[in-house]
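The values are calculated or read from the model by the stated rules, or taken from the named source; none is laboratory data. Please read all numbers here as calculations on a predicted model, not as lab measurements. When we count neighbours, we look across all protein chains shown, and the Cβ atoms used for this are built from the backbone with ideal geometry, even at glycine. Accessible surface areas use protein heavy atoms only, side chains included; no ligands, DNA or RNA. Shrake-Rupley method; radii C 1.70, N 1.55, O 1.52, S 1.80 Å.
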Amino acid sequence: MNFSQLIKSLIFGVFFGFILVKSEVISWFRIQEMFRFDSFHMYGIIGSAIVVGMISIQIIKRFGIKDLDGNEIKIAPKDASQVKRYLIGGSMFGLGWALIGACPGPLFALLGSGLTIMIIPIIAAIVGTYVYGVLRTKLPH
Amino acid sequence: MVFLAGIVIGGYLGGSLFLNPEPIDISSSTIETLKNLGITDFSGFVPDEIFSWESLSSPLNLSILIIGGFLVGFGTRYAGGCTSGHAISGLSNLQFASLIAVIGFFIGGLFMTYILYPIIFVS
């Protein structure tokens with residue numbers, strides 16, 4: 001990665017973090033609302049992000065847009081035959097998401113907003129990814 | 001890593017430097033339910049009762065942060081993606097695998113919200 005790519009990554013990160021805060025999706029309470037079906041907020045944000053994503057993917061495919069390294073963007077299809085992996089892994093993620101009210105991106109945005117306590121779930125999450133790596137061959141996929 | 005550093009800076013800009021002073025407009029029904037579970041702080045992005053260094057002396061709060069974080073990290077890698085990876089990118093690319101993962105997110109999330117919360121937060 002050269003310097004200009006580094007700067008671009010950083011700018012996209014800053015932009016993403018800022019949007020996560022301003023759309024209030026980093027709020028623990030917004031996640032509670034979502035799982036209790038008390039508000040349209042999260043569904044509206046995720047839904048509109050999906051629509052924008054669909055249009056973006058079509059533009060990327062039609063015009064052969066390149067990534068920061070200059071390679072054409074190819075999105076590898078996911079293997080839908082690994083049902084166990086998505087269902088069990090997804091459920092574990094959901095349990096954690098509802099408990100700490102944050103997924104990986106928002107954890108870092110919350111840390112940046114001044115909540116230094118977030119370093120605890122961040123370290124726990126990194127340990128989680130490591131433990132997955134250790135157990136991977138023994139887990140059903 | 002640089003991208004993550006960017007998110008932290010973005011979080012600082014949005015959540016500290018240019019913080020919206022208005023409290024987040026949470027649905028009254030959610031607030032009511034959470035009050036019944038013992039949550040009293042609705043001022044910030046997270047409730048103080050769980051997310052502050054002072055509350056870490058409670059073994060329950062410490063385990064919430066550690067177990068929740070662990071599940072998010074483990075689950076993200078096991079399922080091959082998180083909210084942005086599966087729910088947003090995956091669904092917008094019409095990936096059936098992502099739909100299964102999102103169903104998983106809600107199985108776990110609803111189980112935590114409706115079955116485990118009343119057990120964890122006995123007030």
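A few notes on this one:
- Taking amide H as placed 1.01 Å from N in the peptide plane, B:Asp41 has its amide H under 5 Å from the amide H of B:Asp48, B:Glu49, each at least 5 places away in sequence or on another chain.
- FRET efficiency for A:Asp67 and A:Lys22, using Cβ-Cβ distance with R0 set to 35 Å, rounded to 0.05: 0.85
- Based on the reciprocal of the average 1/r between different C-alpha atoms, the Kirkwood radius for chain B equals 17.1 Å.
- Note on the protein assembly as shown: Lys pairs 8 or more places apart or on different chains, Cα atoms under 22 Å apart, count 10.
- Rule-of-thumb Rg ratio for segment B:1-45 [Cα; 2.2 N^0.38 Å; N residues]: 1.57
- Calculated over the protein assembly as shown: convex hull of Cα atoms, volume per residue (Å³): 135
- Unit Cα scatterers, Debye sum, chain A: log10 I(q)/I(0) for q = 0.08, 0.13, 0.20 Å⁻¹: -0.30, -0.84, -1.41
- FRET efficiency for B:Ser29 and B:Phe111, using Cβ-Cβ distance with R0 set to 22 Å, rounded to 0.05: 0.65
- Distance from the C-alpha centroid of segment B:26-96 to that of segment A:23-71: 18 Å, rounded to the whole angstrom.
- Considering helices alone, the calculated mean residue ellipticity of chain B at 222 nm is -15000 deg cm²/dmol, with DSSP H runs of length four and up weighted by -39500 (n - 2.57) and normalised per residue.
- Segment A:17-28 - phi-based ³J(HN,Hα) in whole Hz, Karplus 6.51/-1.76/1.60, Gly and Pro as x: x, 4, 5, 4, 6, 5, 7, 6, 6, 7, 6, 4
- Accessible area buried by the pairing of A and B, both sides summed with a 1.4 Å probe, works out to roughly 7500 Å².
- Cβ crowding within 10 Å averaged over residues, with B:12-24, A:123-135, A:29-41 ranked highest first: A:29-41, A:123-135, B:12-24
- Here the Karplus relation 6.51 cos²θ - 1.76 cosθ + 1.60, evaluated at θ = phi - 60°, turns the backbone of segment A:92-103 into coupling constants of 5, 4, x, 4, x, 4, 6, 6, 9, x, 8, 9 Hz, with x for every Gly and Pro.
- Computing FRET efficiency as 1/(1 + (r/R0)^6) for A:Ser81 and A:Asn2, where r is the C-beta to C-beta distance and R0 is 25 Å, gives about 0.05.
- For segment B:45-106, the convex hull spanned by the alpha carbon atoms encloses 92 Å³ per residue.
- Contour excess over end-to-end distance, with Cα ends at B:Ser16 and B:Ile103 and 0.36 nm allotted per residue: 27.9 nm
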